[in-house]
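What follows is a single structure, written as structure tokens, with notes after it.
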């Protein structure tokens, strides 16, 4: 019975370590390729990603429709929204 408990504990520990390692490998931070271009003696390096996700674009567009004078009246029609969209938005074709 003691060997069975030790074997099961070892198995569960190995499975847990494997799951954590796999998660960190898949969802861990990526290497910033632009960071290799920064000089080695740089005091700081900052990266800013200016490409918002689709959900962020949708939330921003919804917020901007509430501002007076930006898009005019709120409309759910995609064709009318596309014609009044600001130049910086990405419209699907």
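The values are calculated or read from the model by the stated rules, or taken from the named source; none is laboratory data. The shown structure was predicted, so the numbers you read here are calculated from the model rather than taken from an experiment. Here Cβ is always computed from backbone atoms with ideal geometry, including for glycine, and neighbour counts include all displayed protein chains.
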Inset, instruction - Out of the residues in segment 62-73 that are assigned to a loop (DSSP other than H, G, I, E, B) and surrounded by 10 or more Cβ atoms within 10 Å (Cβ to Cβ), state the one that is modelled with the highest pLDDT. - result: 70
Legend entry - When residues of segment 1-40 are limited to those that are exposed (fewer than 10 other Cβ atoms within 10 Å of the Cβ) and in a loop (DSSP other than H, G, I, E, B), the one farthest from the chain's Cα centre (by Cα): 1
